[in-house]
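I'd like to ask you about the structure that follows.
The values are calculated or read from the model by the stated rules, or taken from the named source; none is laboratory data. Predicted model, so just to flag it, every value in this text is computed and none were measured. As a convention, Cβ positions derive from the backbone with ideal geometry for all residues, glycine included, and neighbour counts pool all protein chains shown. Surface areas here come from the heavy atoms of the whole protein model, side chains and all, with no ligands, DNA or RNA. Shrake-Rupley method; radii C 1.70, N 1.55, O 1.52, S 1.80 Å.
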Amino acid sequence: MNNSNLFAVLRAAFPANLDETAVETENGLLYSWRDLEHGTAMVANLLASLNLPDGARIAVQVEKSVEALVLYLATLRAGYVFLPLNTAYQSAEIEYFIGNAEPSVVVCGSANFGWISKIAFKAGTQHVFTLNDDRTGSLLDRSGHCSDQHEIALRQPDDMAAILYTSGTTGRSKGAMLSHGNLTENARVLKDYWAWAEGDVLIHALPIFHVHGLFVGIHGALINGSKMIWLARFDAKKVLEKLPQATVFMGVPTLYVRLLAEPGLNREACRNMRLFIAGSAPLLIETFREWHQRTGHTILERYGMSETAMLTSNPYQGGERRGGTVGFALPGVSLRVQGDDGQTLPPGEIGNIEVRGPNVFQGYWRMPEKTAEEFTADGYFKTGDVGKIDLDGYITIVGRSKDLIISGGYNVYPAEIESTINDMPGVLESAVIGVPHPDFGEVGVAVVIARPGAHLDGAQIVAELKAKLANFKIPKQCYVVDELPRNTMGKVQKNLLREQYKSLFA
Ligand code: MLC
Ligand code: AMP
């Protein structure tokens, strides 16, 4: 029987010589393909020995390391569902994810074991392991006793491989369920579209708890049997140092902005590079142009989402990479722009982007009504992005119908920040808006009204938020004002606030 397990597909692409280097860390540690094969087998055997139920979730909040990569691959290999969590999440956020997903296994850093295990055991999790970025922790201790031989679990294309939580414009975060088929299909399409070839080397400098670093980066390299240069976190100087040994780089726009600030970024530094890919947030045309001037390379911008993996891409070859656009729908993806009346709009007109294809997710975890709301009657997923398709077929994203800020490639939902601020004593109401920022592209700014007689301090509100929410969600400024601009219906006019504060960081 054909095994549709994504790990089986990636494993089949390992080079014949397993002694070659698969991953090289910034400290010069070398992991061979055999290390990946044996390491994933050992961790998969550990998971298999736990007698977990079918479809068990393995929730992971750990610092980036090659062992964390092995844990991801081992989870696929054993046929369980990987649930990555941003290391910036604080206890209330973790409590929600663990309570909602009910993982059988939680893996966290040793330093967080105390509070995370308490949350996990309360939610019914049976096993909590630790994994640190210095190759220590109970996960490795325990799997060290397991066999390095493991038969890859049989999976069907529709079986779940991962759950990625995405925040919502209303209510709590939703877990997007992605199947082995969704991820395999996307990885195969991108391998061809971006012409991955023998000898490619990827600089992997993104976090591995979101689509970009976890799927596009890792699957892209592995399905081509390509080596990765593995950086624990993005550091412009380190990337620059590694560029001559690499051929492919992927980043959110902030990474390109920071690289451009390095005087050493020039044609010579990029002499062996084949491809620079950007996505997760809009790439400014200035960045696109300056990159071309400095390096001679044209950044390839693409567009995707947690619910769909990659949807569109500028061409690698056979066409122009057009700055300001996200290119064409990928092979197999149907993309249309709809008017508010549900009719497909002609080229050039701006409307809601809807998509269909084998990469589109299976639905939101235990939220059938939410899932139904986000699909049209004819099976298209409503992305919440607003855009247009020009006469040549290039797609441009012009905005979002969802109230969302994308800061340094991370999504921040104003509704979540506002409700946290509104729960603070003395607060009557708040509005959080996104304003342009030279480094992060966009950042949040909070505008707050106090209850009559209450005295509020913006800095104090920010300090309180820091204790409750992931750091990237914290507004960079908080203003206490007397009133918010409203329309005749009484609704806060965020567009006017955005206009008022747009030059704050210019
Ligand atoms: C860090 N900070 C941020 C931030 N990242 N603020 C706003 N937005 C961000 N993204 C703040 C911290 O709160 C902290 O503030 C200060 O910056 C330093 O923190 P740090 O952790 O040291 O920052 P740094 O390492 O410089 O991180 C910046 C970054 C990182 C750009 C490297 O944010 C990053 O890796 N972004 C990539 C996100 C990503 O992978 N997105 C893909 C999503 S997938 P203070 O006040 O505490 O000092 C997706 C689908 C698709 O969207 O299409 O790909
Ligand atoms: P996430 O929910 O983190 O997966 O974020 C997905 C969102 O990121 C999309 O719905 C878009 O709004 C945005 N996005 C991703 N790639 C791009 C891009 N190239 N240009 C503009 N927005 C993008």
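Around Ala454, with a cut-off of 13 angstrom between Cβ atoms, what is the net charge of the other residues, counting Lys and Arg +1 and Asp and Glu -1? Write out the running numbers ahead of the final one.
Details: positive: Arg451; negative: Glu429, Asp457, Asp482.
Local net charge: -2.
Exceeding 28 Å between C-alpha atoms, which entries from my cross-link table qualify? They are Lys122/Lys494; Lys382/Lys491; Lys174/Lys242; Lys64/Lys191.
On the way: Lys122/Lys494 40 Å; Lys382/Lys491 24 Å; Lys174/Lys242 37 Å; Lys64/Lys191 24 Å.
Over 28 Å apart, Cα to Cα: Lys122/Lys494; Lys174/Lys242.
Which percent of the accessible heavy-atom area of the chain goes to carbon and sulfur, probe 1.4 angstrom? Write out the running numbers ahead of the final one.
Details: 10330 of 20970 Å².
Percent of accessible area from carbon and sulfur atoms in the chain: 49.
Given charges of +1 on the Cβ of Lys and Arg and -1 on the Cβ of Asp and Glu, with all other atoms neutral, how large is the dipole of region 20-116 about its Cα centre, in debye to the nearest 20? Numbers along the way, then the final one.
Details: 4 positive and 11 negative charges, 39 e Å.
My answer is approximately 180 debye.
What's the Kirkwood radius of region 6-188 in Å, using all Cα pairs? Don't jump to the answer; show the numbers that get you there.
Working: mean 1/r = 0.0594 Å⁻¹.
For region 6-188, inverting the mean 1/r across all distinct Cα pairs yields 16.8 Å.
Something else now. Compute the relative contact order of region 2-71 as a whole-number percentage, counting only Cα pairs closer than 8 Å that sit 6 or more residues apart in sequence. Working shown, then result.
Working: 33 pairs, mean separation 16.2, N = 70.
About 23 percent, as a whole number.
Please compute the volume of the convex hull spanned by the alpha-carbon atoms of the chain and report it per residue in Å³. Don't skip to the answer; put the middle values down first.
On the way: hull volume 80.0 nm³, N = 506.
Roughly 158 Å³ of hull volume per residue.
In addition: Could you put Glu63, Glu369 in order of accessible surface area, largest first, with the 1.4 Å probe and the full protein assembly present?
Ranked from most to least accessible, the order is Glu369, Glu63.
I've got another one for you. Would you mind pulling out the separation of the Cα centroids of region 489-506 and region 306-322, in Å?
First find each Cα centre; the distance between them is then 32 Å.
Short version: ³J(HN,Hα) in whole Hz for each residue of region 426-437, in order, from phi by Karplus 6.51 cos²θ - 1.76 cosθ + 1.60 (θ = phi - 60°), x for Gly and Pro, what are they?
Listing the rounded values in order: x, 8, 8, 7, 8, 9, 10, 10, x, 10, x, 9 Hz.
Rounded to whole Å, give me the distance from the Cα center of region 52-66 to that of region 147-204.
14 Å
How about Lys468: which aspartates and glutamates have a C-alpha closer than 16 Å to its C-alpha, ignoring those fewer than 8 places off in the same chain?
Straight-distance partners of Lys468: Glu93, Glu95, Glu416, Glu418, Asp423.
Taking K and R as +1 and D and E as -1, what net charge do the other residues with C-beta under 11 Å from the C-beta of Ala269 add up to? Spell out each step's value before the answer.
Details: positive: Lys242, Arg267, Arg271, Arg294; negative: Glu241, Glu262, Glu268.
Cβ neighbours under 11 Å give a net charge of +1.
Among Thr166, Leu456, Ser313, whose Cα lies farthest out toward the positive end of the dipole of the chain, if unit charges sit on the beta carbon of Lys, Arg (+1) and Asp, Glu (-1)?
Leu456
Rounded to the nearest 20 Debye, what is the dipole magnitude of the chain about its Cα centre when Lys and Arg each give +1 and Asp and Glu each give -1 at the C-beta? Numbers along the way, then the final one.
Details: 46 positive and 55 negative charges, 66 e Å.
Magnitude of the dipole: close to 320 debye.
Whole-Hz ³J(HN,Hα) for each residue in region 177-190, computed from phi via Karplus 6.51 cos²θ - 1.76 cosθ + 1.60 with θ = phi - 60°, x for glycine and proline: what do you get?
Per residue, the Karplus-derived 3J(HN,Hα) values read 8, 10, 9, 4, x, 4, 6, 5, 4, 5, 5, 5, 4, 5 Hz.
So what is the accessible area of the chain per residue, in Å², with the probe set to 1.4 Å?
On the way: 20970 Å² over 506 residues.
That works out to 41 Å² per residue.
Please state, to two decimals, what the Cα-based radius of gyration of region 404-501 comes to when divided by 2.2 N^0.38 Å (N = residues). All intermediate terms of the calculation are to be shown ahead of the outcome.
Values: Rg = 12.9 Å, N = 98, 2.2 N^0.38 = 12.6 Å.
The value comes to 1.03.
On to the next question. Return the Rg/Rh value of region 139-218, two decimal places, where both radii are evaluated on C-alpha atoms and Rh is the Kirkwood radius.
Working: Rg = 16.4 Å, Rh = 15.7 Å.
Rounded to two decimals, Rg/Rh equals 1.04.
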